[in-house]
Every structure is written in structure tokens, then in C-alpha cells.
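Asks: What follows is a structure written as C-alpha cells; I'll ask about it next.
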Amino acid sequence: MIPLRSNIVEMKGYLPGFQPKETDYIKLNTNENPYPPSPAVISAIQAEVGDSLRRYPEPASTLAREEAGRLHGFDPSWIIMANGSDEVLNNLIRAFAGEGEEIAYIHPSYSYYATLAEIQGARVRTFGLTPGFEIIGLPQRYNGKLFFLTNPNAPLGFTFPLPFIAELAKRCDGMLVVDEAYADFAGGNALDLVRTHDNVVVTRTLSKSYSLAGMRLGLAIARPEVVEALDKIRDHYNLDRLAQVAAVAALHDQEYFRECVVKIRATREWFSSELRILGYQVIPSQANFVFASPPDGNGHRIYQGLFSRKILVRHFTDPLLAHGLRISMGTREEMAATLEALREIG
Ligand SMILES: *Cc1c(COP(=O)(O)O)cnc(C)c1O
């Protein structure tokens, strides 16, 4: 017997979305961006490739923090960079929730919070949603250590109103982490709450809206005391040299960023209305994906039909989600091909 900790033996481990080896799929299953990263990002990475790689990177990712700070209107002491936002979610649990202590999140939302809690040995509590997307059984005071609110929600795509998030922050004894992986595709965000509420942390990723899933870049915005704590916990060289220059270039090129986001939002609105014409129920989305259910409520059948036509979407076996599909927004052409396939499948 290998003497593993019992929680590690018992946990299943997170199952990421399928990444096929073949490149001829229309890939709409992991919410990646269909457009390439900014040309400025490619040049910055190319310029960094060379002799400098002998040297360790700058440990604090200072230039990237400054760029993100300028962009969002925060002093860099309020910003921490991460090797994917998954890293900072992990470190938030390590910083705030000890073994046997509780964290909470909405079900359905991002199930990776549970995996991270299991590694830490923290307990998990989930809150369900009403059909109108209100949280069921939210106590007047929530006394767990962390509450993760995925906003916009994944995989459903709706958002909680800002006044509700402010109210939730007040009700939390512990930290409220607003996971804004998709906020760049939405009409608003919770950054102001970081200034007004001591216990609010906002996390962002460059994987989706900045087309950099392959670089592993994320960040968190929080009070300097929280950032200092997270700085103690992270790998001291968490962002390599290529990731640091990529982050600065990506955050700096707002014109390219906005162009991509505008296209994806337009595709989302058009695709949603076309799906409704086909009789699908589509949750109004503020993200770069839509959650849609076919008229017969058999998400798996549609998943199979699309799969056999080399179109990959996400089907969840969770009984709350099995009736539908989460479909990432590709290019307009990819979505037109998807609609054509859905018409054939019927
Ligand atoms: C994609 C995603 C993340 C992870 O982002 P990375 O920066 O790629 O680690 C975090 N939270 C949610 C809700 C996501 O969808």
C-alpha cells in the first residue's frame, strides 16, 4: 500500500473537456476562443524566445500586474497573476479553508472547486437554483470560509444581478470569490465590489476572452492583504517568461481584444435566435457559450449526432443538465455548420 492521504485516495480527480488529436473537428466543447491571440502576443513571445530562457523569470510578474492594474483601475498591489485562474482558485482554498472547514458553490457551476476542496480536505456545500436562477436555501449568514460564485454562470450562461452579489458578500462571514472567467463577454462585472467589500475577490482568466488557454494565464483582484497572502502560497516562479510577456501584450492590445469579444457576442445572439427557431430552449447567455435544450429534451442524442459529424460540444451526465448541451461560440461559419447539422439531426 502506498501511504497516500485518504482524501486523495477517495477523490475522483477533475475530468477536463475532451481534446481530440485530430484537427478536423469543429471544437465547441471547452469554451476556447475561435480567434487567434493578438499578433502583439505572438511577437512578444517570439522576442522572448532565446538566451533569456536560461534565467528565472521575474518572480512577481510585476509588468503584468501593472498592465492589469491600469486596465481595471487598481493599484498593482491589488492584483496577483496566476498560472491559469485555476491556480489562484486553488491558492484561495489553501489560504482560507483548512482541513475540515467548509467552502460552498452553486450547483450547477464549475465543479473544479470541489476537486480543489477535496485535495485540501475541506468540506463542500452546494446550493441549488430555482428555475428562475435564484439560490435555494441561502442562509441569512453563511459561515463557511469561501463562497465561489461563478458569474456569468457556467455552464448555464446567466448572470446574477450586481445588487444580489453585494448582498451575498454581506451575508458571507468568509470570502466571496466571484469567478469572472466569462465576464468579458457580459454586460457588467463585480470589480467595484472589491473596492467596497473587504471580503470580495474577483478572478479572471486570459484563456477565453484573450484566446490564451494554451498559455495558462489568469489573475485575481483583491485587497492587498489578500494578495500578500496569496503571494506567500503560490509557486515563486508561477508565470514563466513567455507567459509574462504574453500577458502584458494581450492586456495591452485592447483594440484587438474588443474586436474579438464583439464578434463572439454577435455570434452568440444570432446563434441563440437561430436555435430558438429550431425549437430549442436557450438560456439567455452573457458568456461565450450557450446552454440549449432540444425539443425532445434528449441532450445526449444531439451530442451523438453532432459528434458523428465531427462537431464537438459538451454534454453533462448530471441529471440537472443532461437535457441540454453547452455549445461554445466558434466563428460564424462554424456555428452555421453546427446549425445545419442540428437541422439534419432533427
Ligand atoms: C475556464 C474556467 C476557469 C479556468 O480558467 P484557466 O485560467 O484556464 O485556469 C475558471 N473558472 C471557470 C468558471 C471557467 O470556465
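Asks: Does segment 92-105 contain at least one residue that is more than 16 Å from the chain's Cα centre (by Cα), without any contact (Cβ under 8 Å) to a residue 12 or more places away in the chain and surrounded by 14 or more Cβ atoms within 10 Å (Cβ to Cβ)? Before you say what the answer is, go through the steps one by one.
Replies: Of all residues in segment 92-105, those more than 16 Å from the chain's Cα centre (by Cα) come to 93-104.
Filter once more, keeping what is without any contact (Cβ under 8 Å) to a residue 12 or more places away in the chain: none.
Scanning segment 92-105, I find no residue that is more than 16 Å from the chain's Cα centre (by Cα), without any contact (Cβ under 8 Å) to a residue 12 or more places away in the chain and surrounded by 14 or more Cβ atoms within 10 Å (Cβ to Cβ), so the answer is no.
Asks: I'd like to check something: does segment 183-191 contain any residue that is over 19 Å from residue 110 (Cβ atoms), within 12 Å of the ligand (Cβ to nearest atom) and not in a helix (DSSP H, G or I)? So that I can check it myself, show each step before the final result.
Replies: To start, the set of residues in segment 183-191 that are over 19 Å from residue 110 (Cβ atoms) comprises 187-188, 191.
With the extra rule that they be within 12 Å of the ligand (Cβ to nearest atom), the set shrinks to none.
There is no residue in segment 183-191 that is over 19 Å from residue 110 (Cβ atoms), within 12 Å of the ligand (Cβ to nearest atom) and not in a helix (DSSP H, G or I).
Asks: Among (1) within 16 Å of the ligand (Cβ to nearest atom); (2) within 19 Å of the chain's Cα centre (by Cα); (3) surrounded by fewer than 19 Cβ atoms within 10 Å (Cβ to Cβ), which single condition is residue 161 missing?
Replies: Failing condition for residue 161: (1).
Asks: Related question: Looking only at segment 193-209, filter to residues that are more than 16 Å from the ligand (Cβ to nearest atom) and among the β-branched types (Val, Ile, Thr); which one of those is surrounded by the fewest Cβ atoms within 10 Å (Cβ to Cβ)?
Replies: Pass one, segment 193-209, residues more than 16 Å from the ligand (Cβ to nearest atom): 193-200.
Now narrow it down to the ones that are among the β-branched types (Val, Ile, Thr): 194, 196, 200.
On the way: 194: 23, 196: 9, 200: 26.
For segment 193-209, the residue satisfying everything is 196.
Asks: Given the conditions (1) without any contact (Cβ under 8 Å) to a residue 24 or more places away in the chain; (2) under 23 Å from the mean Cα position of the chain (by Cα), and given that residue 37 satisfies all but one, which numbered condition is not satisfied?
Replies: Condition not satisfied by residue 37: (1).
Asks: When residue 12 is evaluated against the numbered criteria (1) away from the ligand (no atom under 15 Å from the Cβ); (2) open to solvent by 40 Å² or more (accessible area, probe 1.4 Å); (3) at pLDDT 95 or above, which criterion, by number, is the only one it fails?
Replies: Here residue 12 meets the rest and fails (3).
Asks: Please specify each residue of segment 135-153 satisfying the condition of being open to solvent by less than 10 Å² (accessible area, probe 1.4 Å) and out of contact with any helix residue (DSSP H, G or I) (no Cβ under 8 Å at 6 or more places or on another chain).
Replies: 144, 150, 153
Asks: Looking at (1) in the same structural domain as residue 287 (by TED's automatic domain parsing); (2) open to solvent by 20 Å² or more (accessible area, probe 1.4 Å); (3) touching a residue at least 12 places away in the same chain (Cβ under 8 Å), find the lone condition where residue 262 falls short.
Replies: Every listed condition holds for residue 262 apart from (3).
Asks: Sort out for me the helices (runs of 4 or more DSSP H) sitting completely within segment 1-85 that have 3 or more residues that are within 18 Å of residue 239 (Cβ to Cβ) and out of contact with any strand residue (DSSP E or B) (no Cβ under 8 Å at 6 or more places or on another chain). Walk me through how you get there before you give the answer.
Replies: Working: elements: 6-10, 39-48, 62-72.
It comes to 39-48, 62-72.
The values are calculated or read from the model by the stated rules, or taken from the named source; none is laboratory data. These figures come from a predicted structure and were not determined experimentally. We place every Cβ from the backbone using ideal geometry, glycine too, and count neighbours over all the protein chains shown. Side chains included, ligands, DNA and RNA excluded: accessible areas come from the protein's heavy atoms. Shrake-Rupley method; radii C 1.70, N 1.55, O 1.52, S 1.80 Å.
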